[in-house]
Amino acid sequence: MSQPILLLNCGSSSIKYQLLQTDTEEATAVGIVQRIGQHGSTLEHQVGGEEFDLSQDFNDHTEAVAAVVGMFESHGPSLEGVVAVGHRTVHGGATFQESVRIDDEVIAALNELSDLAPLHNPPAIAGIEAAMRVLPDVPHVAIFDTAFFSTLPAEAYTYALGREVMREHGIRKYGFHGTSHQYVSQQAAVFLDRPLEDLKTIVCHLGNGASISAVDGGVAVDTSMGLTPLAGLVMGTRSGDVDPGLHKFLGRKGMTLAEIDTFLNKESGMAGLCGYTDMRDVATEIAAGNEDAQLALDVYVHRLVSYIGSYIAVLGGVDVLCFTAGVGENASHVREPVIQRLRGLGFELDVEENEKRSKESREISTAESKVHILVIPTNEELAMARETLKVISV
């Protein structure tokens, strides 16, 4: 029997949503609200191959969620049978190590954690409260980006900082994109028809935001993002790892703390290196002889290879390397130089398979490769639906 679940992913000025049928695990409606709290708000609702658009200013998330519900009422499918609402929640800190049913105590705890994710948690909370007002008669569940990484050993999540300061402020590595890393590592075992417990897996989630994880037998043991999503790999506009002394250096040059934060989060990464965040544009520029674009890709690949190598050491070997998310799934010109630099460790790329485009999971390593190299499309919404169903079934 179908148990439809409404899934909400709330950003500071947007809401992405899906209505997913748990029996078939297929989305019967998807949509997005953009420019919430700004002039020119829009809502796009897709159902049954048709798209319905609404241009109307939404002052806050409450108005936006109400408009989403109105779209379902006007164009379907009906929300009457919805059994739960699942909410993507970026930061659960050390408080939430698994998905939970939302109540007043959970919301209060999320507000307390907002200092750890000031750009992500407040809009998520606003979306949760709005959805609970509009849909008060069904359970609401929070699914945390950080939860999958609650298994990290202390040696992996502890920074070499003063103990009292770390304890007082909850400073540690938390990791993000956990829903994707968990889903992809599990799908790798399914694809290979191997027990998850037997596999040492490295997952490269490469999108505009990017992270990498080391997963041993289905359990996360390390990841690149840290206290915040800024750490680790080179990303679309985020720097990834930099010398911590950079903040003081730039401060001495006259930049405020807010300006430094904006610089590292929004003006760095691929955008800062070459002016482009889309890897297709980067490839076009490289073909045209743009040296900045070539350097940007080289830096991106170098950082990624460095993390893969360190995680092979952390895991004591590796069985599977997975690429996922927008860049990981589609950018063959990114995957190829990464694998070529890993050849000395037994990685062998099937160049022809690497060039193929597909929405299905596939293997791009040769039969001689000592490591399975997979491209696995992530499906965070499906993972969220499974988590939501698990919580409400308890």
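The values are calculated or read from the model by the stated rules, or taken from the named source; none is laboratory data. Keep in mind it's a predicted model, so treat the numbers as computed, not measured. No Cβ is skipped: glycine too gets one built from the backbone with ideal geometry, and neighbour counts run over all protein chains shown. Each accessible area value is taken on the protein alone, full model and side chains, heavy atoms only, with ligands, DNA and RNA left out. Shrake-Rupley method; radii C 1.70, N 1.55, O 1.52, S 1.80 Å.
Side notes on the structure shown:
- For the residue pairs Lys356/Lys390; Lys200/Lys359; Lys16/Lys359; Lys16/Lys390; Lys370/Lys390, alpha carbon separations beyond 26 Å are given by Lys356/Lys390; Lys370/Lys390.
- Calculated Rg and Dmax of the stretch 1-144 using C-alpha coordinates, Å: 14.8, 43
- Degrees separating the helix 121-134 axis from the principal Cα axis of the chain, which is the longest one: 30 degrees
- Take each peptide in 326-337, 31-42, count the other Cβ atoms within 10 Å of every residue, and average; sorted highest first, the result is 326-337, 31-42.
- Counting charges near Gly40 (Lys, Arg +1; Asp, Glu -1) among other residues having Cβ under 15 Å from its Cβ returns a value of -3.
- Exposure rank, largest accessible area first [Thr62, Thr223; 1.4 Å]: Thr62, Thr223
- Calculated SAXS-style log₁₀ I(q)/I(0) at q = 0.17 Å⁻¹ - the stretch 261-313, Debye, Cα scatterers: -0.57
- Charge sum, other residues only, whose C-beta stays under 15 Å from His333's C-beta, Lys/Arg counted +1 and Asp/Glu -1: -4
- Sequence-ordered 3J(HN,Hα) estimates for the stretch 212-217 from the Karplus curve with 6.51, -1.76 and 1.60 and θ = phi - 60° stand at 9, 9, 10, 10, 10, x Hz, glycine and proline given as x.
- Element breakdown for the stretch 275-388 at a 1.4 angstrom probe: carbon and sulfur atoms account for 46% of the accessible area.
- Protein accessible area in the stretch 168-241, 1.4 Å probe - carbon and sulfur %: 48 percent
- For the options Gly70, Gly217, Gly251, a Gaussian network treatment of the chain with springs between C-alpha atoms closer than 10 Å singles out Gly251 as fluctuating the most.
- Euclidean distance of C-alpha centroids, the stretch 1-71 and the stretch 327-394, integer Å: 29 Å
- Projected area averaged over orientations for the chain, convex hull of C-alpha atoms, nm²: 21.3 nm²
- Taking Cα atoms only, the orientation of helix 380-392 departs from the longest principal axis of the chain by about 50 degrees.
- Note on the stretch 119-256: Kirkwood radius taken over Cα pairs, Stokes-Einstein applied at 20 °C and 1.002 mPa s, translational D equal to 124 µm² s⁻¹.
- Comparing Arg167, Arg238, Arg343 in a Gaussian network model of the chain, where Cα atoms under 10 Å apart are tied by springs, the biggest mean-square fluctuation is seen for Arg167.
- Considering all C-alpha pairs of the stretch 207-302, those separated by over 19 Å amount to 48%.
- Per residue solvent-accessible surface (Å²) - the chain, probe of 1.4 Å: 47 Å²
- Considering the stretch 219-261 at the alpha-carbon level, its Rg and Dmax are found to be 12.6, 44 Å.
- Kirkwood radius, the stretch 274-374, all distinct C-alpha pairs, inverse of mean reciprocal distance: 14.3 Å.
- Measuring only protein heavy atoms, the 1.4 Å probe finds Cys10 accessible over about 10 Å².
- Antiparallel %, DSSP beta bridges [both residues in the chain], to 5: 70 percent
- Computed about its Cα centre, the charge dipole of the chain is approximately 1020 debye, with only Lys, Arg, Asp and Glu carrying charge at their Cβ.
- With Cα atoms, 0 to 90° folded angle of helix 291-315 axis to the chain main axis: 90 degrees
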